[in-house]
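The values are calculated or read from the model by the stated rules, or taken from the named source; none is laboratory data. The shown structure was predicted, so the numbers you read here are calculated from the model rather than taken from an experiment. With ideal geometry, Cβ positions are generated from the backbone for all residues, glycine too; neighbour counts draw on all protein chains shown. Note: areas computed on protein heavy atoms with side chains; ligands, DNA, RNA excluded. Shrake-Rupley method; radii C 1.70, N 1.55, O 1.52, S 1.80 Å.
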Amino acid sequence: MMAILLMPLVFGGLAQNPFSINTDINTAGKTLKQVITEIENRYDVSFSYSDNLLPKRHLNRIDNGKNLGQFLENLLYQHNIGYKIIDNQIVLFQSERKAKQFHLTGYITDSKNSEIIVNGAVYVFDLGMGTISNNYGYFSILLPEGRHIIRTNSLGYLTCDTTINLTCDTVCQIELQPVSFQMREIVVTDKNRDDFIASAMSSIAKFDIEKLKQMPNVLGEHDALRNLDMLSGMQMSEFSTSNICVRGGAGDQTLFLMDEANIYNASHFGGFASVFNPDVVKHINIHKNELPTSETGALSSVIDVRMRDGDMQKWHTKGTVGLLTARLLVEGPLKKDKSSLLIAVRRTFADQIAKPIMNAINFKLNFYYYDSNIKFNYKFNPRDRIYWSWYTGGDHLDHSMYLKRINHISTLRWNHIFGEHLFCNTSVIGSFNRTDLLNFHYNGEFKWRSICWDTKAKIDFTHHVNDLVSLKYGWQTIFYSLEPFDLTPDDENISFKDSRIHAQPIYNHGIYIDQNYNLGARLTMDAGFRLNSHSGPTDHNNARDSTIFYPEWNITACYRPSEDMLIKLNSSLKYQPIHQMQISSYGITVNRWMPANSRFMPEQSLNISVSANYKATDWMNVSANIYQRRLKNLIETLQEVRLLYEINPERFAHNSSVKIHGCELSASVTTDKLLMTATYDYTDSRWLTYGLNNDQNYPASFIRKHSFIISGTYHINNRMRVSSAWQIASGLPYTAAVGKYVIDGKTVMQFDNDKINTERLPNYNRLDVSLDIDSRKNPSRKWNSYWNISVYNLYARKNPLGVSYFTTNDLGQVELNPGYYYFYQFVPSVSYKFEF
């Protein structure tokens, strides 16, 4: 500071002291030498220094202060550089002093209900640096001593600027105000570009659940997964919301998590809805390229769904009644600002309405599904918090076959902050899935049952080392118990020996570390590594066990050539140790599970991608992605139903490799009333299975080569908004029958395994529209209501989803009659939602 006081004396002979001049120098993306050269040119000041003294890395934004003298102090102090004024020159030298630095840590929460906010951006405006809150709302950042402007924002919330005078390690809680439909004005400032860069640098695609609820739906059900195919690189089967194919991968290569628990069947029958109740979902994180090293068991994507914690401020009730389902949610504080409880239920009621009609016409059809969620959390102090969540749900179908499916999960978590820069999450998780079938591809009444359950324990640490390096590391172990099938006669008069495979115990252990390096204002790198061990039976008889070790890694580099552009390069290697063989028919998917063994090793995927994000204007973003994938050890089943009840499924399984390449283009527009997005995907997924198709590659049967989607929401006023989505895509490939033969009086179609997927269904296109109407706002009234009117497939286009070779005539007889089959032709719906 003495140097600043002497400056007026040294430069007293000048017309104006240059150190008292206001400065407006932007240091972001420049080296210290470039900034010093700019000062010399603009303010007639001369510096003397050694090039070895100045760091070569690019700077973040530096506070200019009141004048040039304060700006120099801020600029040089953080680099431990001192200076003296000799003969009208500023001489720089290495200083012994150290700039004091402190940790700013804490949680980002919702100001309305105290819910934690995941992946919220914490941006230090005066330094041009920042961080992102983790999956538990926690953040930590190392800052120099002094006054800072902290800018915090997240998807669906207003940006909050907070001024903090940092004099010691500080734990804080930052509250963000949720955006309401009455707050649609958009103010264009520099923060729009900062928010864009923070979002683009994240490896996670965040899906705003409130935006999802505005999109058109099926039968009034605002499902949490139904509209995910509007994101680039994602394709969804119309039969199943859980059969999501990401970047050319199959549906079994996507891992679904609900509060960290594995979900083995994430869709209800018929594809009407997923198991995620939209009233309970807080947010959805979609890892479709840079898969987290903290999770294993997926090749293409991880869809991480986090459930709401419950309102800590006040009790209230929500409900929805649609054409298909009814939902009810109750939540509130057990002790205000300390603990909360959330209870939610959902069930279809169409079976109750249709029962008298079905009985009158003597038609057997009984179908329903249900979900229930419980969430409890307690905050002991600012450093300790526990969570417990429970889910149970199921499906029941009784028609030409009887089918029942049950899911149970439970998660217990403890969050703790050690010191000021180390966060720990400890979780114990259980997941259970059971599927029952009756009269499925057998003469007579037979029961088929498959059970899959797991118990998982994990510890995750988030360690902020300094302003350049942050670490995530942890340990995870999973015990699986797979019972692929148990086949027993339902009629004791049937002479049949029970057929089953007993439970197969499998152990999977993994340790991981993920390192983030801030290499300057323009370049960051993220390198993650995981080592796994997989122990389990080597064959279907559980005769002997073996252990397989395999590594996984994920490396991402982000380069920021300008304020408006970001380029990312990613490479990753992932494994999937449990094979999931899916048999699908008319909206019903049944799985046969098989652990990796010496013949069918863990599935492997090597991925490379390059992406560019550009903010063209303050209201338009564009992005482009190209990628290439190489997969091996995959299983081709050709939809062979017999593998469901075959002791040795390897008889019908073929080892395959896959080559995938593609590109994704997207553009989004945001104005005060309009939100619009357009995406185009090109995906070429080629399978190679030796012994099939003359040893030549063939297209995947579940991937549309071209897909274009345009969707948007227009706010008519504060109470009404209209949404629409239009999609056009290539038809799916399929294998056509080449003949038929008769066995025991039954006609069986014959297919040529040397002509796989040589035909294509007609192109797919569909238009959905939706209108939302909110009740008039009255502060004195506690009751609020909302109406939704939607039409799925507005112009009733018949989009073929496959080929059916048999039909049933008026006499109940099965006849050969090839033709396309269709689902969901013009589906109108209306739903009513209330809250108090």
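Assorted remarks:
- Applying a threshold of 7 Å to beta carbon distances and a minimum spacing of six or more residues, or different chains, the list of pairs starting in segment 285-297 at a residue that is closer than 14 Å to Asn135 by Cα and ending at one that is of a type in the set (Lys, Arg) and surrounded by fewer than 24 Cβ atoms within 10 Å (Cβ to Cβ) reads Asn285/Lys206; Ser294/Lys472.
- Of the residues making up segment 228-267, just one is modelled with pLDDT under 90, in contact with a Gly (Cβ under 9 Å, 6 or more places away or on another chain) and of a type in the set (D, E, K, R), namely Glu238.
- Residues being open to solvent by 30 Å² or more (accessible area, probe 1.4 Å) and touching a helix residue (DSSP H, G or I) at 6+ places or on another chain (Cβ under 9 Å) are entirely absent from segment 653-668.
- Boolean, Asn648 is open to solvent by less than 20 Å² (accessible area, probe 1.4 Å), modelled with pLDDT under 90 and not small (Gly, Ala, Ser): no
- Any hit, segment 25-36, residues being open to solvent by 50 Å² or more (accessible area, probe 1.4 Å), at pLDDT 65 or above and closer than 16 Å to Tyr83 by Cα: yes
- Residues (closer than 30 Å to Asp754 by Cβ and over 23 Å from the mean Cα position of the chain (by Cα)) located in segment 614-641: Lys632, Asn633, Leu634, Ile635, Glu636, Thr637, Leu638, Gln639, Glu640, Val641
- All positions within segment 690-714 that are small (Gly, Ala, Ser) and crowded, with 17+ Cβ neighbours inside 10 Å: Ala700, Ser701, Ser707, Ser711, Gly712
- A single entry from Ile284, Ile263 fulfils the requirement of being buried (at least 22 other Cβ atoms within 10 Å of the Cβ), under 30 Å from His509 (Cβ atoms) and of a type in the set (A, V, I, L, M, F, W, C): Ile263.
- For segment 381-393, the set of residues classified as surrounded by fewer than 21 Cβ atoms within 10 Å (Cβ to Cβ) and either over 17 Å from Ile108 (Cα atoms) or of a type in the set (Asp, Glu) (or both) consists of Asp384, Trp388, Trp390, Thr392, listed by residue number.
- Evaluation of Tyr586 against the conditions (1) modelled with pLDDT under 85; (2) open to solvent by less than 50 Å² (accessible area, probe 1.4 Å) shows that the sole unmet condition is (2).
- Of all residues making up segment 329-355, the number that are under 17 Å from Val830 (Cα atoms) and open to solvent by 30 Å² or more (accessible area, probe 1.4 Å): 4
- Test: residue in segment 671-689 that is in a loop (DSSP other than H, G, I, E, B), in contact with a strand residue (DSSP E or B) (Cβ under 7 Å, 6 or more places away or on another chain), farther than 30 Å from Ile773 by Cβ and open to solvent by 10 Å² or more (accessible area, probe 1.4 Å): no
- In segment 455-474, the residues that are outside any strand (DSSP E or B) form Cβ pairs under 8 Å with partners that are of a type in the set (A, V, I, L, M), at six or more places apart or across chains, as follows: Val465/Leu471; Asn466/Leu142; Asp467/Met129; Asp467/Ile141; Asp467/Leu142; Asp467/Leu143; Leu468/Leu519.
- Phe47 modelled with pLDDT of 70 or more, in contact with a Phe, Trp or Tyr (Cβ under 9 Å, 6 or more places away or on another chain) and surrounded by 13 or more Cβ atoms within 10 Å (Cβ to Cβ): yes
- Of all residues in segment 624-645 being touching a His at 6+ places or on another chain (Cβ under 6 Å) and within 30 Å of Phe446 (Cα to Cα), the one that is surrounded by the fewest Cβ atoms within 10 Å (Cβ to Cβ): Val641
- Restricted to strands (runs of 3 or more DSSP E) entirely inside segment 747-830, those with at least 1 residues that are modelled with pLDDT under 85, surrounded by fewer than 16 Cβ atoms within 10 Å (Cβ to Cβ) and of a type in the set (D, E, K, R) are 814-821.
- Positions within segment 268-282 being modelled with pLDDT of 80 or more and either of a type outside the set (Phe, Trp, Tyr) or farther than 12 Å from Ile303 by Cβ (or both), in sequence order: His268, Ala273, Ser274, Val275, Asn277, Pro278, Asp279, Val280, Val281, Lys282
- Some residue of segment 298-315 being under 30 Å from Glu552 (Cβ atoms), under 23 Å from the mean Cα position of the chain (by Cα) and modelled with pLDDT under 80: no
- Conditions (1) under 30 Å from Phe446 (Cβ atoms); (2) in contact (Cβ under 8 Å) with a residue 60 or more places away in the chain; (3) in contact with a Phe, Trp or Tyr (Cβ under 7 Å, 6 or more places away or on another chain); number of the one not met by Ser701: (2)
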